[in-house]
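Report on the structure given below.
The values are calculated or read from the model by the stated rules, or taken from the named source; none is laboratory data. Since we're looking at a predicted model, the values are computed, not measured. Note that each Cβ is placed from the backbone with ideal geometry, even for glycine, and that neighbours are counted across all protein chains shown. SASA here: full protein model, heavy atoms, side chains in, ligands and nucleic acids out. Shrake-Rupley method; radii C 1.70, N 1.55, O 1.52, S 1.80 Å.
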Amino acid sequence: MPDDSLTLDEVRRMAAEIGMTRLTDEHLQQLLRATRAARARRAALPIANLTPADEPAHVFRLEHGK
Amino acid sequence: MTDLAWLTVAEAAELLRAKKLSPVEYAKALIDRVERHDGKLNAFLRFTPELALEDARRAENEIARGNWRGPLHGVPYGLKDIIDYTGLPTTAHSKILQDNVAKSDAPVAERLKAAGGVFMGKLSTHEFAIGGPSFDLPWPPARNPWNRDHFCGGSSSGAGAATAAGLLPVAIGTDTGGSVRNPASMCGVAGMKPTYGLVSRRGVIPLAYSLDHVGPLTRTVRDNALMLDLMAGHDPLDPGSAAHAAGGYTTQLDQGVKGLRIGVIRHFYTRDMEADPEVTAGIEAALEKLAGLGAKVSEIRTAPLGEYLAVNRTLLTSEAFAAHENWMRERPQDYGALARERLMAGAFVRAADYINATRVRGKMADAFHALFAGIDVAVTASSMDPPCRIDDPKAVEFTYGRQARAPFNVTGSPALSVPAGFAKSGLPLGIQIIGKPFGEAMIYRVANAYEQATEWGKRHPALEG
């Protein structure tokens, strides 16, 4: 379900905080829709069965001799 | 001689090696075909006939002197325009990179050059491999050769359209959430997303670092295996590259499926997401065919499709936004609307959600790979719907996420989309065959047996008119 509580003014402020100050009203509407959808997706992440010992699947690695 | 447009790589290689076909004659035939038809298909973003003729002349001289390099020598190919080719812009189909001239070849391009391939040009994509099909970019979107009013899938759109239309026998695409397999399925060709790290991603514009793969699209399974043989191999300068032996993908091709164990992930397309009845019928008919060839088909279960998609999208949007944040600050107006909105989805994903997605990913991948103790390959849907109209944004939006490809970007497993018939509309349908990590040879074995037992590959789109 989309998170409809987020408003255009809030998303404008959030965008400004990360330096996205050149967005037009149309862009901000897009950011609002995209952010609502992303927040809704959070609920679908199956994290209930994760234990603290479950490690992230990292890409980062060190090689010998470095 | 056979119409050169429909020669497979394997057929062409045999003729070229035996000097029964001239690389220059072959290249000229396909150049002529691109010039006649691509104005309506838009598969090529940058067509380079002069480079193709240069490569073809070199191949002709080498083969004449007895220096045949292998199955791609003198054979035309194209690259999705997010892959670097020295001296040409790598645009990612975006205004933002329209002047981004590559200073060197991506290793995958370097390998195809070394194999003596004839480079025909750069192919259309969705903007930055995520935003499409779009009509607000400097270049138009590729169209489906089976019906130009329909979507050809993406983001390796031009690669799918060009191979299906007989403009090229092989094209190279990339796949982060299904972008090789989607156009393969919608255009009726074979498209492989290899094991994560098997093919170097260096010199390829990233969409999402931990999910990006490079893979071939071809009209036959055999050609696909031949191409992967040329493309695969460790690249110490690609941090995601696997230090694993590569090659040998054609070795099992003709061994058949008798006694092989095929696990069907039916819940993906019947319960988690209900596929179009024509798609379901196509998959079930393919399974029946494989069972008839002697395979043991049984149903298997994995995590729900929605959970895989949530993990894929959380990782993809976060990593993609990290790569695009500076441009989003400075040049948001230079993106097309679709790419901008899809990329912005990663702007405010919480760090904890991203990390949790990677934690879930590890468990999902382990559990999925463990299933292969009891099966040789898995089979499931590729797209849930036949290709929709390209000019219907609502249909494109609806069908865009209705797919079962992204799970295998999450697990890193090799997955091949192969043709599985046609909808009543005449548009292609596909199925997906999935293997254990580095199990590409087994996938090709099953896919080749299925392909040989069907007639799908013998049909070609009519491009006239």
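Kindly give the semi-axes, whole Å and largest first, of the ellipsoid equivalent to the range B:196-327, taking each as the square root of 5 times a Cα gyration tensor eigenvalue. It would help to have the intermediate numbers written out before the result.
On the way: eigenvalues 192, 118, 32 Å².
Semi-axis lengths for the range B:196-327 are 31, 24, 13 Å.
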task: Give the accessible surface of the range B:368-443 per residue, rounded to a whole number of Å², with probe radius 1.4 Å and ligands, DNA and RNA excluded.
output: 28 Å²
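How big is the equivalent ellipsoid of the protein assembly as shown along its three axes, where each semi-axis is √(5λ) from the Cα gyration tensor, reported in whole Å from largest to smallest?
Numbers: eigenvalues 234, 151, 101 Å².
After diagonalising the Cα gyration tensor, the semi-axes are 34, 27, 22 Å.
Carbon and sulfur: what percent of the protein assembly as shown's accessible surface (1.4 Å probe)?
Details: 10530 of 20370 Å².
Reported share for carbon and sulfur atoms: 52 percent.
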task: Have a look at the DSSP beta bridges in the protein assembly as shown and tell me what percent are antiparallel, nearest 5.
output: 65 percent
- prompt: Once a ≥ b ≥ c are taken as the square roots of the eigenvalues of the Cα gyration tensor of the range B:344-465, is the result rounded (a/c under 1.5), prolate (a/b larger than b/c) or oblate (a/b not larger than b/c)?
  reply: oblate
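Quick one: work out the % antiparallel among DSSP beta bridges in chain B, nearest 5.
On the way: 29 of 43 bridges.
The answer is about 65 percent antiparallel.
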- request: Hydropathy first: keep DSSP H helices in chain B averaging at least -1.0 on Kyte-Doolittle, then drop any whose Cα extent along the axis falls short of 27 Å, and list what survives.
  value: B:305-330, B:351-370
statement: Toy charge model, Lys and Arg Cβ at +1, Asp and Glu Cβ at -1: the protein assembly as shown dipole around Cα centroid in debye, rounded to 20, equals 600 debye
- prompt: In peptide B:357-368, how many Cβ atoms from other protein chains are near each Cβ within 10 Å, on average?
  reply: 4
query: Between B and A, buried accessible area summed over both sides at probe 1.4 Å, in Å² to the nearest 100?
result: 3000 Å²
task: Name the shape class, rounded, prolate or oblate, that the alpha-carbon gyration tensor gives for the range B:128-216, where a ≥ b ≥ c are the square roots of its eigenvalues, rounded holds for a/c under 1.5, and otherwise prolate holds if a/b is larger than b/c and oblate otherwise.
output: oblate
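Would you mind working out the accessible area per residue for the range B:1-144, using a 1.4 Å probe, and quoting it in Å²? Kindly include the intermediate steps, with their values, before the conclusion.
Numbers: 5490 Å² over 144 residues.
Ligands and nucleic acids excluded, the result is 38 Å² per residue.
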statement: As straight-line cross-link partners of residue B:103, the qualifying lysines (C-alpha separation under 29 Å, not fewer than 8 residues apart within one chain) are A:66, B:28, B:80, B:95, B:113, B:122, B:193
- prompt: For the range B:41-149, what log10 I(q)/I(0) values come out of the Debye formula at q = 0.09, 0.24 1/Å, with one point per alpha carbon and no solvent?
  reply: -0.27, -1.24
Dipole magnitude of chain B, debye to nearest 20 (Cβ charges: Lys/Arg +1, Asp/Glu -1, about Cα centre): 560 debye
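Shape call for the range B:193-256 from the C-alpha gyration tensor, a ≥ b ≥ c root eigenvalues: rounded (a/c under 1.5), prolate (a/b greater than b/c) or oblate? Walk me through the intermediate numbers first.
Numbers: a/c = 2.62, a/b = 1.74, b/c = 1.51.
Judged from the Cα gyration tensor, the range B:193-256 comes out prolate (a/c at least 1.5, a/b above b/c).
Only helical DSSP H runs with n ≥ 4 go in: add -39500 (n - 2.57) per run for the protein assembly as shown, normalise by residue count and round the 222 nm mean residue ellipticity to 500 deg cm²/dmol.
Numbers: 16 runs with 202 residues, N = 531.
Value at 222 nm, helices only, nearest 500: -12000 deg cm²/dmol.
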- request: Select from the range B:304-318 all residues whose loss of accessible area on going from the chain by itself to the full protein assembly reaches 20 Å² or more (probe 1.4 Å).
  value: B:307, B:310, B:313, B:314
task: Work out which GluC sites (Glu not before Pro) in chain B are exposed loop sites (DSSP not H, G, I, E or B, at most 15 other Cβ within 10 Å) and give the longest gap free of them.
output: B:1-273
- request: With all distinct Cα pairs included, what does the Kirkwood hydrodynamic radius of chain B come out to in Å, to one decimal, could you say?
  value: 21.7 Å
task: Express in whole angstrom the spacing between the alpha-carbon centres of the range B:414-445 and the range B:182-261.
output: 13 Å
message: Students often forget the sequence filter, so: which lysines lie under 21 Å Cα-Cα from residue B:258 once same-chain residues fewer than 8 apart are removed?
response: B:289, B:296, B:436
task: Work out from phi, with θ = phi - 60° and the Karplus expression 6.51 cos²θ - 1.76 cosθ + 1.60, the ³J(HN,Hα) of each residue of the range B:249-255, listed in order in whole Hz, and give x for Gly and Pro.
output: 6, 9, 5, 9, 3, 9, 8
Amide N of the range B:101-124 lying under 18 Å from the label point, which is placed 7 angstrom from the Cα of residue B:69 along Cα→Cβ: B:104-122
- request: Express the accessible area of the range B:219-273 per residue in Å², computed with a 1.4 Å probe while the remaining protein chains stay in the model.
  value: 41 Å²
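Quick one: net charge around residue B:399, please, counting Lys, Arg +1 and Asp, Glu -1 for every other residue with C-beta under 12 Å from its C-beta.
On the way: positive: B:389, B:394, B:402; negative: B:276, B:385, B:392, B:397.
Charge balance in the 12 Å sphere: -1.
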